[in-house]
Amino acid sequence: MSSSDKADKAPPRGMRRNLATYGDPGFSLFLRKAFIKAAGFSDDALDLPIIGVTNTFSDFNPCHGNVPRLIEAVKRGVMLAGGLPMEFPTISIHESFSNPTSMFLRNLMAIDTEEMIRAQPMDAVVLIGGCDKTVPAQLMGAVSADVPAIQLITGPMLVGHHKGEVLGACTDCRRLWGQHRAGQIDEAEIEVLSGRLAPTQGTCMVMGTASTMGCLVEALGIALPGSGTIPATHADRIRAAEASGRQAVALAKGGPKPSELLTPAAFRNAMVVLQAIGGSTNGLIHLSAVARRAGLAIDLEEFDAIGREVPVLIDLKPSGDHYMEHFHWAGGMPKLLKELRGHLDCDAMTVSGQSIGEIAEAAEEVPGQSIIRPASAPLKRTGGMAVLRGNLAPGGAVIKHSAASPALLSHTGRAVVFDSVEDMVNRIDDPALDVTKDDVLVLRNAGPRGAPGMPEAGYLPIPKKLAQAGVKDMVLTPACASFFGIGR
Ligand code: FES
């Protein structure tokens, strides 16, 4: 085949991709150029590789408050590398501005992201996300569209302070609200606290879902090394955005597609990291959904087996004591990958062009840091999660035992059952509710197929009369059918 034949067979690039179907491709391209030139683009600019940049800024989403600056830096990186950045909007989801629940909207964002990547002409895309459901949605969309993609995280917020205590959203949100419900924190102080729990733009800085996904995108190889943990407010976050833009141009010229990166090895590496960081149980739900988009399945038995071998190595709340900024300055994900090398597939490739093993090898050593533990001195001897089976969850359930009160891990008690979220809201604080601290609270029909999109039912509150009596923890069980298989 001659080189001109090959050129004829090459898939269309840049402005020639994904033409509108008017029955005449030449006319479609002519019309597209006519309209885009209305925005002042030159022919030289329109001949460059096109890099899509998702704009998920919203006044309703302070976790994405730095997105405009990130977009500016991504665009700078794209242009430095000889590409044409094209910003486009998608849905933005914030946890507390999503009625009925953010989970209800995750797949809508995935569809939006996928179809906008598919519909518009882009040779690669930079996905900017952070708040809990946004990164899973973007990964799901990117895998299905299968255009070279690089994930840029908005980054965790800095810690808060109150009366000499360090606060973290949102582990401390529920704890402090629980104290307010118990009458230990009055109205005036809880108002003050509402201004101190989330003191900067960015995502929750404990090892919740957003932080978990920030770590998992590095483990999956779809974000630049070290980029998942940089605080939202730091200059390095802006530089990571510029670097992501630059790298997207390299991806546009023949880099791996999501389907080539998100292999069984990459998902297994992500499961290892999920166990080692004491990550969010939601992380497993989202990982399962992304895997489904890649035509793969997360095996619960394999995840459980990994958890029996891989210790928790990160000392972050809620399993430990520290926060994402501390994890980052201790060496971040590259240092953790280095400690986990024996459990990882080090040949798995990443968007950076480096393998996981090469990234681990280049990790920064921070003298005296104690946030990222060596395997010889783990925070917990086993992984953060285990898979449970039984009549309450015949399809399997996941417990984050690293953050549970050890005394409650083996427990026998009466079941106090709520049939729905509404039933729980109506009765949980009723002084007549027949409940003691030794009972097990069960919330039924609160999974993704029951309640409208799975509210954060793990936060089932302690009944007010028990909270006022000083009870801080009980066995709380959101019971639903298996939550796996909801990816599409
Ligand atoms: Fe956005 Fe926690 S509310 S990450």
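Descriptive notes on the structure:
- Highest-first arrangement of 79-85, 246-252, where packing means the average Cβ count within 10 Å: 246-252, 79-85
- Over the stretch 1-93: Rg over Rh, Cα atoms, Kirkwood Rh: 1.07
- A simple spin-label model places the labels of Asn391 and Phe27 6.9 nm from each other, with each point 7 Å out along Cα-to-Cβ.
- Note on the stretch 387-442: Rg/Rh from C-alpha atoms, Kirkwood Rh, equals 1.00.
- Under 5 Å, built H, 5+ apart or other chain: amide partners of Gly226: Met333
- Debye intensity ratio in log₁₀ form over the Cα atoms of the stretch 267-327, taken at each q of 0.13, 0.16, 0.20 Å⁻¹: -0.36, -0.53, -0.77
- Normalising the average separation of contacting C-alpha pairs (under 8 angstrom, six or more residues apart) by the number of residues puts the relative contact order of the stretch 333-391 at 33 percent.
- All-pairs Cα distance distribution in the stretch 356-455, expressed in whole percent, bin size 10 Å: 11, 28, 28, 15, 13, 4, 0
- Where N is the number of residues in the stretch 252-373, Cα Rg divided by 2.2 N^0.38 Å: 1.08
- For His162, distant residues with modelled amide H under 5 Å away: Leu167
- Of interest is the spacing of the C-alpha centroids, which for the stretch 57-71 and the stretch 278-315 amounts to 29 Å.
- Converting phi to 3J(HN,Hα) with the Karplus coefficients 6.51, -1.76 and 1.60 and the offset θ = phi - 60°, the stretch 175-187 yields 4, 6, 5, x, 5, 5, 4, 7, x, 8, 10, 7, 4 Hz in sequence order, with x at every glycine or proline.
- Whole-number accessible area per residue in Å² for the chain, which is evaluated in the context of all protein chains at 1.4 Å: 43
- Here the label points at Ala20 and Ser376, each 7 Å from Cα along the C-beta direction, are separated by 6.6 nm in the simple model.
- Where only C-alpha atoms are counted, convex hull volume of the stretch 1-156 per residue in Å³: 140
- Between the amide H of Val440 and those of Arg414, Ala415, Val416, distances stay under 5 Å, these residues lying 5 or more places away or on another chain, with hydrogens modeled in the peptide plane.
- Within the chain, longest stretch free of exposed chymotrypsin sites (Phe, Trp or Tyr not before Pro) [DSSP loop, at most 16 other beta carbons within 10 Å]: 61-488
- Percent carbon-and-sulfur accessible area, the chain, ignoring ligands, DNA and RNA, probe 1.4 Å: 54
- Isotropically averaged projected area of the chain, using the convex hull of Cα atoms (one quarter of hull area), nm²: 25.4
- Binning the alpha carbon pair distances of the stretch 177-336 at 5 angstrom intervals from zero yields the distribution 2, 8, 15, 18, 17, 15, 10, 7, 4, 2, 1, 0, 0, expressed in whole percent.
- Residue-count net charge about Ala363 - beta-carbon cut-off 12 Å; Lys, Arg +1, Asp, Glu -1: -3
- Estimated distance in nm for a label pair at Asp59 and Ala34, the labels positioned 7 Å out from Cα along Cα-to-Cβ: 3.7
- Both radii come from the Cα set of the stretch 287-431: Rg as radius of gyration, Rh as Kirkwood radius; their ratio Rg/Rh reads 1.06.
- Derived scalar couplings ³J(HN,Hα) [the stretch 299-311; Karplus, 6.51 cos²θ - 1.76 cosθ + 1.60; whole Hz; x for Gly, Pro]: 8, 4, 5, 5, 5, 5, 5, 4, x, 7, 10, 9, x
- Links that overshoot a 31 Å alpha carbon limit, given the list Lys335/Lys437; Lys257/Lys400; Lys133/Lys338: Lys335/Lys437; Lys257/Lys400
- Contact order normalised by residue count of the chain, Cα under 8 Å, 6+ apart, percent: 14
- Spherically averaged projected area of the stretch 212-282 from its Cα convex hull (nm²): 5.3
- Per the Cα gyration tensor, the stretch 110-219 maps to an equivalent ellipsoid with semi-axes of 37, 12, 11 Å, ordered largest to smallest.
The values are calculated or read from the model by the stated rules, or taken from the named source; none is laboratory data. On a predicted model such as this, the values are computed, not experimentally measured, just so you know. Every residue, glycine among them, receives a Cβ derived from its backbone with ideal geometry; neighbour counts consider all protein chains shown. Accessible surface is based on the protein model in full, side chains and every heavy atom, while ligands, DNA and RNA are left aside. Shrake-Rupley method; radii C 1.70, N 1.55, O 1.52, S 1.80 Å.
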